Amino acid sequence: MSNRMWGGRFSESPDAIMEEINASIDFDRALASQDIAGSKAHAEMLAKAGIISTEDARKIIDGLDQIAAEIEEGRFTFSRNLEDIHMNVEARLAELIGDAAGRLHTARSRNDQVATDFRLWVRDALDDLDRQILALMNALVAKAAKHAGTVMPGFTHLQSAQPVTFGHHMLAYVEMFARDRSRFRDCRVRLNECPLGAAALAGTAFPIDRKMTAAALGFDRPAANSLDAVSDRDFAMEALSAASICAIHLSRFAEEIVIWSSAQFRFVKLSDKFTTGSSIMPQKRNPDAAELVRAKAGRIIGALNALMVVMKGLPLAYSKDMQEDKEQVFDALPSLSLSLAAMAGMVADLQPNEARLREAAGIGFSTATDLADWLVREAGLPFREAHHITGRIVAEAEALEVDLGEMPLEALRKVYPKLDATVFDVLSVDASVASRVSEGGTAPDNVRQRASEWQARLAQE
Ligand code: ARG
């Protein structure tokens with residue numbers, strides 16, 4: 001039998017391979033509820049505009065509700081020879097209500113239909129991500145408030161740099177995730193225009209009311225240009241771009257957790273709930289969740305690349321290539337959502353090892369900058385000269401195999417005679433962090449203040 005949707009023009013059935021390459025139902029069935037919502041809004045509008053009868057619209061809407069229930073309850077048979085979700089739903093509607101089903105597709109094409117469904121799906125996913133990011137930010141801020149004064153090593157090049165606080169480190173990620181959230185929100189604003197009514201590409205001769213369908217589906221307005229409405233996948237690329245950036249933030253943090261939880265670092269302990277053991281090595285507590293969060297970033301960035309490469313050569317308007325947009329997004333956004341949830345769980349349970357962090361914070365002459373600053377402040381030296389003298393003191397300390405704070409005053413004076421015992425006041429890691437009071441700096445009071453600002457802000461949501 002030739003195709004029931006376009007069989008008029010065809011005498012032969014499609015080849016089995018044609019069906020296989022063409023069918024999208026295996027993945028676009030995820031759009032079922034969006035497709036039904038879109039069709040209901042369209043049917044109501046067609047009736048209101050007098051394009052179909054109220055009677056037919058009623059039958060269509062009841063039939064669609066029945067299909068929604070069948071899908072929900074797992075009683076719906078999806079078939080591959082009906083290609084995609086749109087034709088599966090319409091074919092079932094015809095079985096249920098007969099001829100009236102054939103009127104639903106008036107003034108509509110699968111091109112504006114799929115663009116609408118997909119936007120609705122992405123919009124829901126963005127709303128879910130917004131909640132997940134908020135939950136993670138709450139977990140980070142709580143940790144930050146608790147550990148505003150917990151000293152830890154700060155690194156550049158993964159080399160000992162200057163002491164910071166654990167709370168400050170947590171709040172660095174809060175800032176990143178706040179930007180991620182705002183990117184997703186921006187994306188949602190641009191996404192929220194309704195393609196329905198663009199029809200295949202040129203609009204329609206029927207007197208449709210696009211504002212009505214747009215409003216019924218929660219869109220801000222109809223998309224302005226019919227060609228753009230059916231060809232645009234910016235919203236998907238933009239969502240994947242924002243998702244990729246967010247995934248990169250998660251991945252950097254995951255990488256730190258992997259390093260920090262190793263036996264050689266011992267900076268943090270992950271809970272049993274977010275680690276796994278080994279089938280052979282009894283001592284193991286592996287940070288699998290963090291590793292998988294790190295890996296998912298690769299997948300999400302891959303999805304963005306895949307979609308951009310699919311889109312980049314397509315002339316206007318719709319091409320079937322665009323059917324390949326969905327799997328990337330269906331994989332990437334839930335992967336990000338799961339990563340965010342896993343990270344929130346890890347953070348909530350994370351136990352910083354305060355003694356070890358403090359000890360590690362002092363390793364590697366991490367207060368050398370404080371010594372140079374002392375020379376600027378107390379001896380009036382230009383910073384460059386102070387830097388040079390401090391470098392020589394560090395070399396001396398290295399030769400003596402002691403930390404800066406453990407250097408005998410005599411040894412310090414040998415390098416720079418004007419040094420006196422008050423210099424030791426600035427060489428401890430606590431003095432170092434306490435002194436970093438500049439706006440955005442790591443001083444515990446700053447961190448406490450910033451954490452409580454965040455707490456107040458997030459509590460309002
Ligand atoms: N399954 C198709 C997709 O996802 C629906 C649109 C088909 N349109 C067409 N003109 N063949 O893109």
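Coordinate-derived values only; no laboratory data. Please read these numbers as outputs of a predicted model, since none were measured by experiment. All Cβ positions, even for glycine, are placed from backbone atoms using ideal geometry, and neighbour counts span all protein chains on display.
General remarks:
- Residues that are more than 34 Å from the chain's Cα centre (by Cα) and either within 16 Å of the ligand (Cβ to nearest atom) or without any contact (Cβ under 8 Å) to a residue 40 or more places away in the chain (or both) within segment 95-115 comprise E95, L96, I97, G98, D99, G102, L104, H105, A107, listed in sequence order.
- Only one of the listed residues (A361, A348) is more than 15 Å from the ligand (Cβ to nearest atom), surrounded by fewer than 20 Cβ atoms within 10 Å (Cβ to Cβ) and hydrophobic (A, V, I, L, M, F, W, C). That residue is A348.
- Count - residues of segment 52-67 that are of a type outside the set (D, E, K, R) and surrounded by fewer than 19 Cβ atoms within 10 Å (Cβ to Cβ): 3
- Single condition H157 does not satisfy, out of (1) within 14 Å of the chain's Cα centre (by Cα); (2) without any contact (Cβ under 8 Å) to a residue 12 or more places away in the chain; (3) over 20 Å from E238 (Cβ atoms): (1)
- Of all residues in segment 306-332 being farther than 28 Å from I259 by Cβ and more than 16 Å from the ligand (Cβ to nearest atom), the one that is surrounded by the most Cβ atoms within 10 Å (Cβ to Cβ): M308
- Pairs meeting the criteria (first residue in segment 310-334 and closer than 16 Å to S231 by Cβ, second residue within 9 Å of the ligand (Cβ to nearest atom) and among the basic types (K, R), beta carbons under 9 Å, at least 6 apart or on different chains) are Y318/R110.
- Residue among E406, E385 that is farther than 30 Å from R179 by Cα, among the acidic types (D, E) and surrounded by 14 or more Cβ atoms within 10 Å (Cβ to Cβ): E385
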